[in-house]
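Asker: Please find one structure pasted underneath; my questions will follow.
Read the figures in this text as sums done on the coordinates, not as results from a lab. Computed from a prediction, not measured in an experiment: that's the story for all the values here. A quick note on method: Cβ atoms are made from the backbone with ideal geometry, for glycine too, and the neighbour counts reach across all protein chains shown.
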Amino acid sequence: MLLNRHGFRCVGLDLEGPAIRAVLVHYRKNEITILGKAERPWPGQQPADLSREVADLLVELKARDVPVVVGVGGEGTFVRSLRLPDIPVREIDEAVRWELDVLLPKEDPESKYIIKHAVTGKKGEQLYVLAVAAAEEPLRQQLSLLAHQIPLAAADLRVCALWRAAMYMRARPEEGALAVVEALPSGLRVVIGEDNLQFARELPPETELILELRRTLNFYQSQYSTRVRRLLTSGSLVIPNLGIEEAAVMGEAPGQPWFGERSQPWGPEYAVALGLALYYFEEPRVDLLPADLKSKHRTPLAPRSRPILAAVAAGLFCLAILPGMTIYYRTAGRAMENELAALTPRVQEEQRIVAERRRLEEWLDVVQSFNLALPSRANIIEQATALPADTWLTSLEMIPAEQTASSPSSTTSGSTPQPAAKSNGGGKLPAIPDKILFQGYSLTATPVGVFRDKLASLPFFSGVIIKNIEWDAGLGAYKFALEAQLQTGGR
């Protein structure tokens with residue numbers, strides 16, 4: 001989000017040391033102004049007391065709704081300085097994770113770490129990268145209650161804040177490298193660099209401070225081929241003779257400006273708070289704050305950009321490319337029209353095939369709905385399967401069209417069935433039947449009606465009538481005769 005015309009304010013909050021310190025800065029038109037400072041004694045070990053003190057401190061600075069940046073360091077924080085070739089960001093991420101995997105403890109594999117990196121500078125084809133990992137759960141426990149009381153915007157490394165404060169005070173020597181040291185109960189921090197931060201270390205509190213400081217300076221001078229000519233401290237650490245040309249407390253070296261007015265100097269204890277307040281305005285920066293704890297307040301994403309000039313440049317760029325885009329899209333449109341015209345016959349043929357296939361599928365559904373094969377002549381087996389229970393046939397006769405249905409040529413009584421069709425003899429083909437006469441017996445009268453309905457439902461009969469049904473007392477059953485009229489298509 002770009003800065004508005006009134007600029008942007010930010011509070012740096014230092015929660016380490018014997019007191020809580022905060023610095024309020026204002027940024028507008030590439031100018032940084034320190035508006036004020038405040039401090040409160042450490043309230044105790046209860047997180048609720050700390051939150052109240054911080055809220056009161058912001059009220060004192062008249063910055064209750066100003067985004068706040070806190071410092072992170074000490075136990076659970078791992079820092080590694082890398083020198084990598086000029087590679088894409090994705091490959092930088094992979095290199096950072098591989099390097100930090102060596103540093104992270106393996107005792108608790110379920111511990112989650114927030115892994116970030118910042119490119120602090122470039123020299124030729126070489127990138128200076130600061131890789132950082134912080135244990136997420138301790139960080140969340142430390143800042144969760146505080147995030148509900150103040151507009152917490154970011155959690156930056158203290159080593160980055162030290163370097164930003166030194167650059168703001170123009171502490172870099174004309175030749176050689178600058179080293180800034182902080183010694184607190186939480187540990188020792190050292191940052192070294194020339195035009196940009198090149199090397200940083202985060203050491204635990206039980207470290208032999210002077211010994212590790214000497215080793216760090218010697219390592220940097222041997223690996224980076226640059227002599228450290230100025231050493232500054234942000235705390236009360238007494239620096240022995242380490243072979244450095246200039247060694248002083250931050251803010252008191254020759255040629256450095258004071259933090260505030262010379263009549264009211266602030267002292268080096270505000271260095272980290274000042275560096276945190278410069279989070280959005282100076283490099284480098286690494287945000288380790290979990291996303292769910294971030295404040296919703298507006299923060300600048302590009303503080304040094306000029307919105308009006310950027311908008312004008314974007315408008316001019318659009319006007320410049322508009323004719324070319326018009327020609328391109330017009331040509332592309334014509335090419336697409338030609339391709340569509342060439343494809344039209346094929347599309348029409350495809351549509352015709354699809355329509356024909358749909359028509360055939362509809363006819364297939366109609367045919368399959370009958371669920372039977374349509375024979376050209378009456379199938380005797382099909383008729384037998386239509387018999388209800390307690391019903392049996394004794395005679396089935398094909399009746400030609402010229403013969404009346406009332407005088408069948410062959411009728412058989414009793415339980416022995418006769419042949420199903422009458423032969424004309426004489427070596428001639430039998431006459432084409434017009435009707436079929438079914439005769440038989442049933443123990444009750446109801447199945448006779450059911451049998452008639454089943455025959456009538458068959459597609460090759462146009463009608464079925466009961467010719468005769470009578471009770472045979474000697475046999476104890478009903479004797480019946482059914483006449484089925486064949487469909488014309490069945491001939």
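Asker: Of the listed peptides 191-203, 74-86, what is their order by residue-averaged count of other C-beta atoms within 10 Å, with the highest listed first?
Answerer: Numbers: 191-203: 22.0, 74-86: 17.2.
My ranking of the peptides, most packed first, is 191-203, 74-86.
Asker: Give the calculated FRET efficiency between Arg359 and Arg334 to the nearest 0.05, with a Förster radius of 35 Å applied to their Cβ-Cβ distance. Kindly include the intermediate steps, with their values, before the conclusion.
Answerer: On the way: r = 38 Å, r/R0 = 1.08.
For Arg359 and Arg334, the calculated efficiency is 0.40.
Asker: To continue, here is another question. As an exercise, use a Förster radius of 35 Å and the Cβ-Cβ distance of Ile327 and Asp195 to find the FRET efficiency, rounded to the nearest 0.05.
Answerer: Numbers: r = 46 Å, r/R0 = 1.33.
Efficiency, rounded to the nearest 0.05: 0.15.
Asker: Another one. If r is the Cβ-Cβ distance from Gln487 to Leu429 and R0 is 22 Å, what FRET efficiency results, to the nearest 0.05?
Answerer: Numbers: r = 21 Å, r/R0 = 0.94.
That pair, Gln487 with Leu429, gives E of 0.60.
Asker: Enumerate the residues in segment 189-215 having an amide nitrogen under 20 Å from the point lying 7 Å beyond the Cα of Arg229 toward its Cβ.
Answerer: 191-199
Asker: Starting from 0.36 nm per residue, how many nanometres of slack lie between Leu443 and Arg352 once their C-alpha separation is accounted for? Show your work: numbers first, answer last.
Answerer: Numbers: separation 91, 0.36 × 91 = 32.76 nm, distance 5.99 nm.
Value of the extension gain: 26.8 nm.
Asker: Val89 to Glu470: extension gain in nm, 0.36 nm per residue of separation minus the Cα-Cα distance?
Answerer: Numbers: separation 381, 0.36 × 381 = 137.16 nm, distance 10.19 nm.
Working it through step by step, the gained length comes to 127.0 nm.
Asker: Full extension from Glu208 to Glu174: what is 0.36 nm times the residue separation minus their Cα-Cα distance, to one decimal in nm?
Answerer: 9.1 nm
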